[in-house]
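Take a look at the structure below.
The values are calculated or read from the model by the stated rules, or taken from the named source; none is laboratory data. Quick caveat, the model's predicted, so the values are computed rather than measured. We place every Cβ from the backbone using ideal geometry, glycine too, and count neighbours over all the protein chains shown. Please note that ligands, DNA and RNA were not included when accessible areas were found on the heavy atoms of the full protein model with its side chains. Shrake-Rupley method; radii C 1.70, N 1.55, O 1.52, S 1.80 Å.
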Amino acid sequence: MSLRTRSLLRIWTLLLCLLAAGSAFGQPAGKMLLAVGDVAALRGTERVRLTAGAPVNVGDTVVTGAQSHAQIRFADDALVALKPDSEFRIERYNFSGASDSSEVAVFRLVKGGFRTLTGQIGKLNRDQYQLLTTQATIGIRGTHYQIQICSAGQCMNNGAPAGSGMYGGVYEGRLIVSNSLGADEYGAEEFFYVPDGEAPQRWLAPPDFLSDRLDGRRLATTQATAQLRFAKVPAIEVPLAFGVPPFTFSATEDLTTPALVGTGKAVLVGSDRDTLELDSTTNPTLQLGISGGQMISFNNGRLVAGVGTASIVDTGSDGATNGIPADSGLNWGRWQGPGSTIAQSLGSQVVHNDGGNLHYIYGNLATSIPTSGQVSYSPIGGTRPTDSGSGAVGTLISGGTINVNFTTAQLALTGLAVGFGSATYTLAGSTSILNGQFSTAPVGATAGCTGSGCQSLIAGNFAGFFAGPGAAGIGLDYYFNIRSGSVIEGVAGYRKCATPGKC
């Protein structure tokens, strides 16, 4: 073959490669599930504003502004939740729906951070999945991890500036983190740090900036475990209601402007997938309305809600002994039906769930919380769980048990179970206690489902507060994030047992 012929062949081969690359560039890779605040795609010289449902393409760089969040679902069902001030580029992506060796996912995190549940590409052909950063390249042997890039002085940990570089944590499966200076592999519940210009390092605990605030709104996919383990569920329904028997309160007038409770209350409110507020009246901006032991309004600037003419159902309380009210002061209930107003601020966006189910539980602020010893708590009642997608109302089968080690400031929930028809959802997990409050987000609890009616789960979490002198009680909100975007949620109250482990 002549030199000229070989040269022409090389040129022709190069043109074919460029055409193939061009056919991939700009092809749809997924779509936006959520876009809150300033979210855009950089496409060549264009900046395209992104909203929920908008396509994202190969070659796009998705950017989020300050106080902005984004969630992307890719064609292989992978989910990516971007933090504020992030740049995330889709370098290469292809998924045909079949395992034919053509599937590939290569992403680049330029700045900021994200949390992801990998999809079919990560399961079918793990070697074809990569995350590129300035500090290192990440390959996966698992499905759920989080990454944050920090510039000098940008991120704070324990009140001090964290070093510049890349930080990460694995919540399910394994990650291989490598650069020219070294490589290491990390498994579930392990954390790492790659300083600028250095090899990966193992960290014993996650830095503060990998965690969400206790009162932060939940995004549909940012708080979860991916491969959900299944727990054994009691076959017999356990009755939970003590003290004041549940009743239905039907308002005959608008009750959105009651006298406001001044001090001394902790409160937890959950509604649909956008609202989870853990607050207390020590917050000067909180206006909490209570009438007849039931919460009828809540306003802390982020969530503005009033029961209006809706019904209040599934109500209950810690009750009284010999006419003396319980120290915890726990009361719970659920708003149901038209007539309520529920408005949640998410950055510059306000999400309305007017007339939707809103679960609440409040109690007396905890005082003299123990600093040592172990205590168990047993359930005393709670609301019936609801499915925000279908509107179905389920059954609280068991509130489980909460064991607390005050010496180490650790709390563990076991055995919580709720039922919807032929599906039983279970939840268990452990977390740290901070200032009388706790939350499993963002690491996630262990969630599962048994039965023919199970929906595909993404997340399971719980949050709560201690109530009353000596932490006499606990108020808890639990929720399961469903892959369809809906949330199964309820609240429950707990009372301290006389003997640890013997309630």
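Restricting the range 192-217 to residues that are modelled with pLDDT of 90 or more and part of a strand (DSSP E or B), which is farthest from L117 (Cα to Cα)?
Result: P195.
Kindly indicate which of R89, R115, R47, R73 is farther than 30 Å from I482 by Cβ, modelled with pLDDT of 85 or more and of a type outside the set (F, W, Y).
Numbers: R89 fails: farther than 30 Å from I482 by Cβ; R115 fails: farther than 30 Å from I482 by Cβ; R73 fails: farther than 30 Å from I482 by Cβ.
Answer to the check: R47.
How many residues does the range 1-41 hold that are at pLDDT 90 or above and either open to solvent by less than 60 Å² (accessible area, probe 1.4 Å) or in contact with a Leu (Cβ under 9 Å, 6 or more places away or on another chain) (or both)?
Number of matching residues: 5.
Please go through the range 419-458 and pick out each residue that is within 30 Å of T367 (Cβ to Cβ) and not in a loop (DSSP other than H, G, I, E, B). Spell out how you get there, then give the answer.
Restricting attention to the range 419-458, the residues satisfying the condition of being within 30 Å of T367 (Cβ to Cβ) are 427-443, 445.
L427, A428, G429, S430, T431, S432, I433, L434, Q437, F438, S439 - these are the residues of the range 419-458 that are within 30 Å of T367 (Cβ to Cβ) and not in a loop (DSSP other than H, G, I, E, B).
Quick one: what pairs do we get from the range 37-50, first residue touching a residue at least 60 places away in the same chain (Cβ under 8 Å), second surrounded by fewer than 20 Cβ atoms within 10 Å (Cβ to Cβ) and assigned to a strand (DSSP E or B), C-beta under 8 Å, 6+ apart or different chains?
Sorted first by the residue in the range 37-50, then by its partner, the pairs are G37/L346; G37/Q349.
Quick one: which of F462, F438 is closer than 21 Å to G381 by Cβ and free of Cβ contacts under 8 Å to residues at least 60 places away in the same chain? Walk me through how you get there before you give the answer.
Details: F438 fails: free of Cβ contacts under 8 Å to residues at least 60 places away in the same chain.
The conditions single out F462.
Are any of the residues in the range 421-430 among the aromatic types (F, W, Y), closer than 27 Å to D77 by Cβ and modelled with pLDDT of 95 or more?
Yes.
Scan the range 140-188 residue by residue and report those that are of a type in the set (S, T, N, Q), more than 17 Å from E198 (Cβ to Cβ) and without any contact (Cβ under 8 Å) to a residue 12 or more places away in the chain. Please lay out each step first, then the result.
First, the residues of the range 140-188 that are of a type in the set (S, T, N, Q): 143, 146, 148, 151, 154, 157-158, 164, 178-180.
From what is left, the residues that are more than 17 Å from E198 (Cβ to Cβ) are 143, 146, 154, 157-158.
If the condition is that a residue be of a type in the set (S, T, N, Q), more than 17 Å from E198 (Cβ to Cβ) and without any contact (Cβ under 8 Å) to a residue 12 or more places away in the chain, then Q154 is the only one that fits.
Only one residue in S368, S398, S390, S378 is of a type in the set (G, A, S) and surrounded by 19 or more Cβ atoms within 10 Å (Cβ to Cβ), so which one is that?
Values: S368 fails: surrounded by 19 or more Cβ atoms within 10 Å (Cβ to Cβ); S390 fails: surrounded by 19 or more Cβ atoms within 10 Å (Cβ to Cβ); S378 fails: surrounded by 19 or more Cβ atoms within 10 Å (Cβ to Cβ).
On inspection, the qualifying residue turns out to be S398.
Only one of (1) crowded, with 16+ Cβ neighbours inside 10 Å; (2) more than 24 Å from the chain's Cα centre (by Cα); (3) charged (D, E, K, R) fails for D127. Which number is that?
(1)
Does S484 satisfy the criteria of being surrounded by fewer than 17 Cβ atoms within 10 Å (Cβ to Cβ) and in a loop (DSSP other than H, G, I, E, B)?
yes
Looking at this structure, is R108 basic (K, R) and either in a helix (DSSP H, G or I) or buried (at least 18 other Cβ atoms within 10 Å of the Cβ) (or both)?
Against the criterion (basic (K, R) and either in a helix (DSSP H, G or I) or buried (at least 18 other Cβ atoms within 10 Å of the Cβ) (or both)), R108 does not qualify.
With the structure loaded, tell me whether F466 is of a type in the set (F, W, Y), more than 19 Å from the chain's Cα centre (by Cα) and open to solvent by less than 40 Å² (accessible area, probe 1.4 Å) or whether it fails that test.
The answer is yes for F466.
If you check R334, R384, which single one turns out to be basic (K, R), closer than 17 Å to L268 by Cβ and not in a loop (DSSP other than H, G, I, E, B)?
One residue alone meets the criteria, R334.
Just to be sure I understand, how many residues within the range 133-174 are among the hydrophobic types (A, V, I, L, M, F, W, C), within 25 Å of the chain's Cα centre (by Cα) and not in a loop (DSSP other than H, G, I, E, B)?
Total meeting the criteria: 8.
Conditions first: (1) without any contact (Cβ under 8 Å) to a residue 24 or more places away in the chain; (2) of a type in the set (S, T, Y); (3) surrounded by 19 or more Cβ atoms within 10 Å (Cβ to Cβ). S432 passes all but one, so which condition is the exception?
S432 satisfies all of (1) without any contact (Cβ under 8 Å) to a residue 24 or more places away in the chain; (2) of a type in the set (S, T, Y); (3) surrounded by 19 or more Cβ atoms within 10 Å (Cβ to Cβ) except (3).
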